[in-house]
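Undergrad: Got a structure for you, questions after.
The values are calculated or read from the model by the stated rules, or taken from the named source; none is laboratory data. The structure displayed is predicted, hence computed values, not measured ones. Virtual Cβ from ideal backbone geometry, glycine too; neighbours counted across all protein chains shown. Surface areas here come from the heavy atoms of the whole protein model, side chains and all, with no ligands, DNA or RNA. Shrake-Rupley method; radii C 1.70, N 1.55, O 1.52, S 1.80 Å.
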Amino acid sequence: MPLQTIELPAKLNLRIARRVSALVRQGILSPGPDPITEHQVSFCMAIQLVPKLTGNRFSFGKAEGLRVFISTGKKIIAAVDFLYAGKIVRLSHIYQGPPLDQLVRTLDRLKTLFAAKPNTYHAEVLSFLFAQSILILVRSGKNRSFYRSNGTKVDELTMAALKQEIEDIISIQPLPEEL
């Protein structure tokens, strides 16, 4: 079974739909020179922020946000990130152009990879500010797999390799007092 979209509660779905409609009306979301006549949320995935600010920096439990893909017919025009702030969601980022194309290609490759498998799979984006590639967590029940993609190639990672990659990047970042 291919990767599945996550089902949102009705209230949350309505809030997101209203916010996306406002972005379309304001002209912030656009497929290019043509105006958007009709749009819809076509796919939704969870966002996991890494590393966590808690004791276990790499615990992947409850999601911290949502990434929704907006389409006009068959064309995906944007991905919009919303982060949870209590019982509401707040707009965080909008992806259009090459970063969006790279993410869509990655998800298409993962859909192909999981298409013949019998379980239901959900993809979650691992949001790490300094990531040099797209990091994805794929879950099926208690099973989880980590993937890295540069848009053309998708590689599976172990948890240890993911931790090492992120820790290496964090270790070379200047601390605020060093700036």
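Undergrad: Only one residue in Ile47, Ile70 is over 27 Å from Ala161 (Cβ atoms), in a strand (DSSP E or B) and open to solvent by less than 10 Å² (accessible area, probe 1.4 Å). Which one?
TA: One residue alone meets the criteria, Ile70.
Undergrad: Condition check: free of Cβ contacts under 8 Å to residues at least 12 places away in the same chain and open to solvent by less than 50 Å² (accessible area, probe 1.4 Å). Does Ser133 satisfy that?
TA: So Ser133 fails the test.
Undergrad: Continuing with this model, one more query. State yes or no: is Gly27 surrounded by fewer than 19 Cβ atoms within 10 Å (Cβ to Cβ), more than 26 Å from Asp155 (Cα to Cα) and not hydrophobic (A, V, I, L, M, F, W, C)?
TA: yes
Undergrad: Before we move on, is Leu110 in contact with a strand residue (DSSP E or B) (Cβ under 8 Å, 6 or more places away or on another chain) and free of Cβ contacts under 8 Å to residues at least 24 places away in the same chain?
TA: It is false that Leu110 is in contact with a strand residue (DSSP E or B) (Cβ under 8 Å, 6 or more places away or on another chain) and free of Cβ contacts under 8 Å to residues at least 24 places away in the same chain.
Undergrad: Next question. From the residues in region 96-121 that are buried (at least 18 other Cβ atoms within 10 Å of the Cβ) and closer than 25 Å to Phe58 by Cα, which one is farthest from the chain's Cα centre (by Cα)?
TA: Step by step, filter region 96-121, then rank; the result is Phe114.
Undergrad: Sort out which residues of region 68-77 are more than 10 Å from the chain's Cα centre (by Cα) and on the phi < 0 side of the Ramachandran plot, and write them in order of number.
TA: Ile70, Ser71, Thr72, Lys74, Lys75, Ile76, Ile77
Undergrad: Any idea which of Ser92, Ser59, Ser21 is part of a strand (DSSP E or B), out of contact with any helix residue (DSSP H, G or I) (no Cβ under 8 Å at 6 or more places or on another chain) and either on the phi < 0 side of the Ramachandran plot or at pLDDT 85 or above (or both)?
TA: The match here is Ser92.
Undergrad: Out of curiosity, is Gln173 open to solvent by 60 Å² or more (accessible area, probe 1.4 Å), over 16 Å from Cys44 (Cα atoms), modelled with pLDDT under 90 and not basic (Lys, Arg)?
TA: The answer is no for Gln173.
Undergrad: Let me ask you something else. Of the numbered conditions (1) of a type in the set (D, E, K, R); (2) assigned to a helix (DSSP H, G or I); (3) modelled with pLDDT of 85 or more, Arg148 satisfies every one except a single condition; which is it?
TA: All conditions pass for Arg148, except number (2).
Undergrad: Give the residues of region 73-90 that are out of contact with any Phe, Trp or Tyr (no Cβ under 6 Å at 6 or more places or on another chain) and in contact (Cβ under 8 Å) with a residue 40 or more places away in the chain, sorted by residue number.
TA: Within region 73-90, Lys75, Ile77, Ala78, Val80, Asp81, Phe82, Ile88 qualify.
Undergrad: Taking the options Ser140, Ser145, name whichever one is open to solvent by less than 20 Å² (accessible area, probe 1.4 Å), hydroxyl-bearing (Ser, Thr, Tyr) and over 28 Å from Arg19 (Cα atoms).
TA: Answer to the check: Ser140.
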